[in-house]
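Pasting a structure here, questions to come.
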Amino acid sequence: MRVHRVAVIPGDGIGAEVIAEGRRVLDAAAHADGGFQLEYQEFPWGCRHYLERGRMAPADFLTTLRDFEAIYLGAVGYPGVPDHVSLWELLLPIRQAFNQYVNLRPVRLLDGLQSPLAGRGPQDIDFVCVRENTEGEYSGVGGRAQAGTPMEVAIQSGVFTRLGVERIIVYAFELARNRKRRKVTSATKSNALQHSMVFWDEIFSEVAKRYADVQTEKWHVDALAARFVTHPQTLDVVVGSNLFADILTDLGAAIQGSLGTAASANLDPFKKAPSMFEPVHGSAPDIAGKGIANPIGAIWAGAMMLDTVGEPQAAARVMRALEETTRAGRQLTPDLGGNATTMDTGKAVADRVLTGKP
Ligand code: GGG
């Protein structure tokens with residue numbers, strides 16, 4: 001029996017609700033497969049931990065996590081703790097310390113779901129965003145000085161290294177090579193950002209020369225945001241910096257029907273450290289505790305985790321069950337126009353995992 005050790009951080013707000021359903025579905029997948037087991041250890045880290053103990057997680061939390069094969073995370077952030085504290089004491093250090101330099105975010109309209117884009121169906125919205133995940137605008141470099149004086153200053157530096165930019169662009173090209181349309185779209189802004197984004201464009205052109213079989217294009221990020229709405233069918237693999245692709249993928253989530261359906265994988269492609277899997281959405285304090293959060297993003301992230309730990313058949317089984325559930329349309333949460341609870345959706349997917357085709 002193959003055993004996969006998973007650290008679970010449900011986190012804040014709806015995080016615990018959606019992760020519980022994700023685990024229900026993953027357990028069903030392990031049961032249906034019969035060849036592997038998921039061994040979870042849950043960590044109560046997040047904003048409550050901060051309010052009780054003055055920090056989001058114990059000082060040695062990265063050492064604790066390093067022993068696991070994967071991390072399954074819900075959401076981070078809650079009123080009462082400044083958002084930059086919750087992100088910088090938990091989520092962002094994990095991505096940086098474990099060299100999870102790829103943030104993979106599929107943008108796909110699942111069968112049966114309605115996009116807010118008029119006349120667009122699943123055949124039009126099916127691409128993947130590759131977000132640089134350890135540097136760029138979220139490198140954490142900067143500072144503040146002369147607080148409280150008229151000379152007060154805040155500096156937030158974007159850090160773009162050749163290693164960091166090249167490896168994320170190479171990842172995007174390798175991914176495109178294995179997709180039907182074989183196209184990479186680069187998100188840039190080199191008209192205004194004459195240092196970092198001109199550098200990004202140069203490296204994009206250099207890497208593109210090594211992939212003659214892959215079509216390329218680049219758009220300024222503002223124009224690309226518009227193309228997500230007007231021409232989603234032209235996109236295949238989109239590669240962008242940490243900030244650009246963070247923003248673009250919320251738009252991507254919206255065009256695939258709801259932020260609640262979007263999944264992401266924070267990957268160390270060399271598997272030297274655990275990768276982390278999370279829904280794209282945050283903790284949604286406005287609906288936390290009501291049992292109506294959409295668990296699809298968390299379940300989809302769970303499928304990406306199965307794929308990464310070497311269980312691609314189980315991952316495919318989960319994705320089939322998820323899409324059968326959206327196609328049937330009866331167990332959808334209010335954000336998708338239904339009246340199901342988080343648990344209704346989770347149970348519907350888990351049942352289909354158990355009864356569906358291997
Ligand atoms: N599901 C993870 C979560 O809580 N995300 C909220 C967030 O603001 N994330 C920022 C990021 O992905 O960089």
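Residue check: is residue 212 over 24 Å from residue 101 (Cβ atoms), assigned by TED's automatic domain parsing to the domain that holds residue 178, without any contact (Cβ under 8 Å) to a residue 40 or more places away in the chain and in a helix (DSSP H, G or I)?
no
Do the conditions hold for residue 32, that is, is it assigned by TED's automatic domain parsing to the domain that holds residue 346 and part of a helix (DSSP H, G or I)? Working first, answer last.
Details: assigned by TED's automatic domain parsing to the domain that holds residue 346: yes; part of a helix (DSSP H, G or I): yes.
The answer is yes for residue 32.
What are the residues in the range 259-280 that are on the phi > 0 side of the Ramachandran plot and crowded, with 24+ Cβ neighbours inside 10 Å, if any?
Listed by number, the list is empty, since nothing qualifies.
On to the next question. Could you list, in sequence order, all residues of the range 174-209 that are assigned to a helix (DSSP H, G or I), free of Cβ contacts under 8 Å to residues at least 40 places away in the same chain and under 20 Å from residue 127 (Cα atoms)?
174, 177, 204, 208
Oh, and also: Within the range 106-118, is even one residue touching a strand residue (DSSP E or B) at 6+ places or on another chain (Cβ under 7 Å), within 16 Å of the ligand (Cβ to nearest atom) and either on the phi > 0 side of the Ramachandran plot or not assigned by TED's automatic domain parsing to the domain that holds residue 277 (or both)?
Within the range 106-118 (the criterion being touching a strand residue (DSSP E or B) at 6+ places or on another chain (Cβ under 7 Å), within 16 Å of the ligand (Cβ to nearest atom) and either on the phi > 0 side of the Ramachandran plot or not assigned by TED's automatic domain parsing to the domain that holds residue 277 (or both)), the answer is yes, since at least one residue qualifies.
Quick grid of which residues meet (1) part of a helix (DSSP H, G or I); (2) closer than 23 Å to residue 47 by Cα; (3) touching a Pro at 6+ places or on another chain (Cβ under 6 Å):
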{"site": "216", "(1), (2), (3)": "no, no, no"}
{"site": "226", "(1), (2), (3)": "yes, no, no"}
{"site": "229", "(1), (2), (3)": "yes, no, no"}
{"site": "245", "(1), (2), (3)": "yes, no, no"}
{"site": "251", "(1), (2), (3)": "yes, no, no"}
{"site": "257", "(1), (2), (3)": "no, no, no"}
{"site": "277", "(1), (2), (3)": "no, yes, no"}
{"site": "306", "(1), (2), (3)": "yes, no, no"}
{"site": "313", "(1), (2), (3)": "yes, no, no"}
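Something else: For residue 89, only one of the following conditions fails: (1) over 18 Å from residue 134 (Cα atoms); (2) open to solvent by 60 Å² or more (accessible area, probe 1.4 Å). What is its number?
Result: residue 89 fails condition (1) only.
Working carefully through the options 252, 240, find the one that is buried (at least 24 other Cβ atoms within 10 Å of the Cβ), over 25 Å from residue 335 (Cα atoms) and not assigned by TED's automatic domain parsing to the domain that holds residue 5.
One residue alone meets the criteria, 240.
For residues that are more than 16 Å from the ligand (Cβ to nearest atom), under 29 Å from residue 287 (Cα atoms) and among the hydrophobic types (A, V, I, L, M, F, W, C), tally how many sit in the range 7-43.
4
Same structure again: Got a sec? Which of 99, 103 is in contact (Cβ under 8 Å) with a residue 12 or more places away in the chain and at positive phi?
Selected residue: 99, the only one of 99, 103 that is in contact (Cβ under 8 Å) with a residue 12 or more places away in the chain and at positive phi.
The values are calculated or read from the model by the stated rules, or taken from the named source; none is laboratory data. None of these values were measured; they are calculated from a predicted model. In this analysis, Cβ positions are derived from the backbone assuming ideal geometry, glycine residues included, and neighbour counts consider all displayed protein chains. SASA here: full protein model, heavy atoms, side chains in, ligands and nucleic acids out. Shrake-Rupley method; radii C 1.70, N 1.55, O 1.52, S 1.80 Å.
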